[in-house]
Amino acid sequence: MQLIHFSEDGQSCLGIKTGRGFLHVAKAAAALSLPFPSYIEDVLEDPEQAAQLDAILAHADMLTDEAYYVSLDDELAFLPMLSRPGKILCIGKNYAAHVAETKSEQPKKPLVFSKFTSALAAHQEAIPIPAGTEKVDYEVELVAVIGKKAYCVSPEEALDHVAGYTIGNDVTARDWQKGSPQWLLGKSPDKFAPLGPIYVTADELDPTNLAISLKLNGELRQNSNTSLLIFDLPTIISYISQHFALEPGDIIFTGTPDGVIMGYPEDEQVWLKPGDVIESTIEGIGTLVNTFR
């Protein structure tokens, strides 16, 4: 199943991908006299609400009028893919080529840091460049969404706890990141964690071999594959779960490949500025687009 999350008349709405486009869940449910969820978190946390989505999708063939469908090309007011994750966790230095370009030492264990929920942003949402930073950078990443509590799980069990995947951009203020031993200030400015545009359930996607890329103003900057992760997703989930429980709705940014601005020679580093457009693409999910302001 593939879902989008958007706002209409001030209300949170979900769309389910079908052959005709994304079925507007609220409109379809009203026509079918069925209950419906409004948030992906509700689907993750409540099996009954997940079943509601299945029931609506099962009757989609009855809804042939275009009024029941939306498209990514429509002027939708997208919302962050998840609105209230308990934890936003990120893995640093997780592609060897990225480690090399930043002249760093390859970590022996997953390097875990976090972002605040105030950093969440949506597909097509403008990302403000804060006053006081001059070195804002991009990082396209595969994001895993936890669907079942994971505590002290083995790598072999880990993927059973993943509900789905989306695309993230771990936007970073490099000068703030390097200004402290902790990365939090550089990673968590408002809107520095855009997610979207599509959430793909785990049964439809193999996270171990996906093309991942990023364009800046149409120029290809990052181009790699998730098969090149130093620590794969099962290892990441198992490692984190040895320290604290992962809960439904928690999200994990799995790391970025090489090609970030920080990896360029110093005299070639042109940091993000207002008007720059980032397109973050992952095979099987789509393209997350954000403009900086």
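Just so it is clear, none of the values below were taken in a lab; they were calculated from the coordinates. These figures come from a predicted structure and were not determined experimentally. Note that each Cβ is placed from the backbone with ideal geometry, even for glycine, and that neighbours are counted across all protein chains shown.
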Amide proton proximity set for Arg221, modelled H, under 5 Å, gap of 5+: Leu214, Lys215, Leu216
Of Ala163, Ser238, Thr287, farthest towards positive along the dipole that unit charges on Lys, Arg, Asp, Glu beta carbons give the range 156-293: Thr287
The range 190-204 residues near the modelled Asp46 label - backbone nitrogen below 19 Å, point 7 Å along Cα→Cβ: none
Debye equation applied to the C-alpha atoms of the range 140-187, log10 I(q)/I(0) at 0.29 Å⁻¹: -0.93
Given 10 as the ceiling on other Cβ atoms within 10 Å, longest exposed-site-free region of the chain for GluC sites (Glu not before Pro) in DSSP loops: 106-293
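Which whole-number percent gives the relative contact order of the range 1-92, counting Cα pairs below 8 Å spaced six or more residues apart?
Values: 118 pairs, mean separation 29.5, N = 92.
Once divided by the residue count of the range 1-92, the mean separation gives 32 percent.
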Long-range amide H partners of Ile129 with built H, under 5 Å: Arg293
In sequence order, calculated HN-Hα J values of the range 100-113 (Karplus, 6.51, -1.76, 1.60; Hz; x Gly/Pro): 5, 5, 8, 6, 10, 8, 5, x, 8, 9, x, 8, 9, 9
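Please identify the chymotrypsin sites (Phe, Trp or Tyr not before Pro) of the range 40-129 that satisfy two criteria: DSSP loop assignment and at most 16 other Cβ atoms within 10 Å. Which are they?
Phe116
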Spin-label pair Lys273/Thr291, simplified geometry with 7 Å Cα→Cβ offset, distance in nm: 1.7
Cα-based radius of gyration of the chain once divided by 2.2 N^0.38 Å, which approximates compact folds: 0.99
Positive-end extreme of charge dipole, the range 2-77 - chosen from Met62, Ala26, Ser12 (charges on Cβ): Met62
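Using +1 on the beta carbon of Lys and Arg, -1 on that of Asp and Glu, and nothing else charged, what's the dipole of the chain about the Cα centre, debye to 20? Can you show the working numbers first?
Numbers: 21 positive and 41 negative charges, 180 e Å.
The dipole magnitude comes to about 860 debye.
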Estimated distance in nm for a label pair at Glu105 and Phe244, the labels positioned 7 Å out from Cα along Cα-to-Cβ: 2.6
From phi via Karplus (6.51, -1.76, 1.60), per-residue ³J(HN,Hα) for the range 224-231 in Hz, x at Gly/Pro: 8, 8, 5, 5, 9, 4, 5, 10
Tensor-based shape of the range 2-77 (alpha-carbon gyration tensor, a/c under 1.5 rounded, otherwise prolate or oblate): oblate
Residue-by-residue Karplus 3J(HN,Hα) for the range 30-42, coefficients 6.51, -1.76, 1.60, Hz, glycine and proline x: 5, 5, 9, 6, 10, x, 8, x, 10, 9, 5, 4, 4
Cleavage-rule hits (trypsin sites (Lys or Arg not before Pro)) in the range 104-145: DSSP loop, at most 11 neighbouring Cβ within 10 angstrom: Lys108
In degrees, nearest ten, helix 47-58 long axis to first principal axis of the chain (Cα): 70
Tensor-based shape of the range 138-249 (alpha-carbon gyration tensor, a/c under 1.5 rounded, otherwise prolate or oblate): oblate
Point-to-point label distance, Asn209-Asp190, nm (Cα→Cβ direction, 7 Å offset): 4.4
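What dipole magnitude, in Debye to the nearest 20, does the range 5-131 give about its Cα centre under +1 on Lys/Arg Cβ and -1 on Asp/Glu Cβ?
Details: 10 positive and 17 negative charges, 194 e Å.
Dipole size: approximately 920 debye.
Between Asn225 and Ala31, what's the calculated FRET efficiency when r is the beta-carbon distance and R0 is 51 Å? Round to 0.05.
Details: r = 42 Å, r/R0 = 0.83.
In this case the efficiency is close to 0.75.
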For Ile198, residues with placed amide H under 5 Å, excluding near neighbours: Ile167
Test item: Cα-centred dipole of the range 103-197, Lys/Arg +1 and Asp/Glu -1 on Cβ, debye: 260
